[in-house]
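Worksheet for the structure shown next.
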Amino acid sequence: MAKLVYSAIASADGYIEDPDGSLDWGIPDEDLLSFINELERPARTYLYGRRMYEAMLYWETAHTLPGQPPCVQEFTGIWQAADKVVFSKTLESVSSARTRIERDFDPGAIRRLKSGSRRDMTVGGADLAGQAIRAGLVDELHLFLVPATVGGGKPALPEGVRLDLQLLDSRRFADGTVYLRYFPILA
């Protein structure tokens, strides 16, 4: 059965976007993106909320921009090869290949998707990930804490949910980013 992994780049104070909705402070450098590529390569299905999908659409055409480093070209290929499911009540259509819209988050459907897949899946977007965490569907958390505080915004982890986290792996990057891989246990 596939694992469902929540992967997020977050500020040191725990936010995935700042109060203005910006993600600019968390853009990975080449070293970090190369590491993320290794983590993302096994995944073949991405579950996104609307806003995260819209942010990730960059990767649909990133290969057309001149002068992209190899790690960017590699992630572009990984992203384009994956199936994408966007959970949204408002999105009218999708503009990327291998993508479909689901109007409602159904934990039972996600469980069936996991059990029917031999390749891992990721969930992206704090709101959608929060629903998956609350439903006990997330098998691992991959948190990248960048050396910046943003003072508020959208929290990386859902409020009102207690998790005990078993540390499975960690790594420090030259830019000060810290990778933390956890196994979550709903308390």
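If you wrap a convex hull around the Cα atoms of the chain, how much volume per residue is inside, in Å³?
121
Using the crude model of +1 on Lys and Arg Cβ and -1 on Asp and Glu Cβ, and no other charge, please compute the dipole size for the chain relative to its Cα centre, in debye to 20.
That gives a dipole near 900 debye.
Count charges around Arg172 for me, please; just the other residues with Cβ under 15 Å from its Cβ, Lys/Arg as +1, Asp/Glu as -1.
That works out to -2.
Taking R0 as 30 Å, what FRET efficiency do you get between Glu102 and Ser170 from their Cβ-Cβ distance, rounded to the nearest 0.05?
Calculated transfer efficiency: 0.35.
Can you pull the percent of the range 105-145's accessible area that's carbon plus sulfur, 1.4 Å probe, other chains left in place?
46
Roll a 1.4 Å probe over the protein chains and send me the accessible area per residue for the chain in Å².
Ligands and nucleic acids excluded, the figure is 51 Å² per residue.
Exposed loop GluC sites (Glu not before Pro) only (DSSP loop, at most 15 other Cβ atoms within 10 Å): please give the longest stretch of the chain free of them, not including the sites.
1-91
Would you mind computing Rg(Cα) / (2.2 N^0.38 Å) for the range 55-107, counting N as its residues?
1.32
At 222 nm, what helix-only mean residue ellipticity would the chain give, in deg cm²/dmol to the nearest 500, using -39500 (n - 2.57) for each DSSP H run of four or more?
-7500 deg cm²/dmol
Given a Förster distance of 41 Å, report the FRET efficiency between Asp24 and Ser115 from their Cβ-Cβ distance, rounded to the nearest 0.05.
That pair, Asp24 with Ser115, gives E of 0.60.
With label points built 7 Å along Cα→Cβ from the Cα atoms of Thr64 and Leu180, find their separation and express it in nm.
4.0
For Phe87, what charge total do you get from the other residues with a beta carbon under 10 Å from its beta carbon, if Lys and Arg give +1 and Asp and Glu give -1?
Net charge in that neighbourhood comes out at -1.
Which peptide among 106-117, 161-172 comes first, and what is the full order, when sorted by highest mean count of other Cβ atoms within 10 Å?
Highest to lowest by the protection proxy: 106-117, 161-172.
The values are calculated or read from the model by the stated rules, or taken from the named source; none is laboratory data. It should be emphasised that the depicted structure is a prediction, and the values quoted were computed from it without experimental measurement. Ideal geometry is used to build each Cβ from the backbone, glycine not excepted, and the neighbour counts take in all protein chains shown. Ligands, DNA and RNA are excluded from the accessible area calculation, which covers all protein heavy atoms including side chains. Shrake-Rupley method; radii C 1.70, N 1.55, O 1.52, S 1.80 Å.
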